[in-house]
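Below: one structure, written as structure tokens.
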Amino acid sequence: MEPRISKKRFAHVQGVVAVGQELSRLYGLNQAERFYVGLACWLHDSCKEMKDYELVEKARDLGIELTEIEKSSGHLLHGPVAARLVKKELKISNKAVLAAMSQHTLGATNMTEIAKIVYLADCLEASRPDDFTQPIWAALTGGKGRAQAVKGSIDVDKAMLVACDLSLEHLLKSRRPIHPLTVDVRNHFLGIVRAAEKLAG
């Protein structure tokens, strides 16, 4: 994968892999699931540095149905395009890996635990600013923070909600288009978190 992306992007990918493995351990994934997280993390940005028009053209070639916002914001397609190319060129057919790759930018309302961890690992990679990563770590750990994280007690759904909120805030401040799926995913995790809080008390 390295020749396909810049050294800076490759360093980001390495960071995502490291956080992905950390979250996998804290969540308590088994060995096979950790492998799938690692594989998805390694491959998630393999098409990130393609130009927008190239991603749109490639998505069409691969049979991906495009929304209007995806046609005008091709960078949103780098995950789905990468997943299709990995399946076609590398013969990787594991559904959890491909879904995690495809969903790592916008998320989805049917994410597996593997997909959530890959999404969060991308958010928490070391080059991200502290004002973005710290609230996500706080949500994951019940306010304890990364250093005090305890295996088996991280809340990936609450972390997904916080990550979605922060992403939406950034998009609004920068006056960038917002994909409708981003809002759907945020509302989905809000419902999960509210239901869990109601049960707790």
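Outside any helix (DSSP H, G or I), basic (Lys, Arg), under 19 Å from residue 19 (Cβ atoms) and in contact (Cβ under 8 Å) with a residue 24 or more places away in the chain: which single residue out of 158, 151 fits that description?
Matching residue, one of 158, 151: 151.
Give 158, 91, 151 a once-over and let me know the one that is more than 23 Å from residue 66 (Cβ to Cβ), modelled with pLDDT of 95 or more, among the basic types (Lys, Arg) and in contact with a Leu (Cβ under 9 Å, 6 or more places away or on another chain).
Step by step, each of 158, 91, 151 is checked, and only 158 is more than 23 Å from residue 66 (Cβ to Cβ), modelled with pLDDT of 95 or more, among the basic types (Lys, Arg) and in contact with a Leu (Cβ under 9 Å, 6 or more places away or on another chain).
Can you tell me how many residues within region 105-128 are more than 18 Å from residue 139 (Cβ to Cβ) and touching a residue at least 24 places away in the same chain (Cβ under 8 Å)?
The number of residues fulfilling the criteria is 7.
Using the structure shown, decide if residue 15 is at positive phi and under 20 Å from the mean Cα position of the chain (by Cα).
Judged against the criteria, residue 15 is not a match.
Consider only pairs whose beta carbons are under 9 Å apart and that are at least six residues apart or on different chains; among these, list those whose first residue lies in region 1-29 and is over 15 Å from residue 156 (Cβ atoms) and modelled with pLDDT under 95 and whose second residue is part of a helix (DSSP H, G or I) and aliphatic (A, V, I, L, M).
Matching pairs, first to second residue: 1/13; 1/43; 2/13; 5/13.
Test of understanding: among 62, 66, which residue is free of Cβ contacts under 8 Å to residues at least 24 places away in the same chain and surrounded by fewer than 18 Cβ atoms within 10 Å (Cβ to Cβ)?
One residue alone meets the criteria, 66.
The values are calculated or read from the model by the stated rules, or taken from the named source; none is laboratory data. Everything quoted here is computed from the prediction, not taken from an experiment. Because the Cβ atoms are built from the backbone with ideal geometry, glycine has one as well, and the counts that use them run over all protein chains shown.
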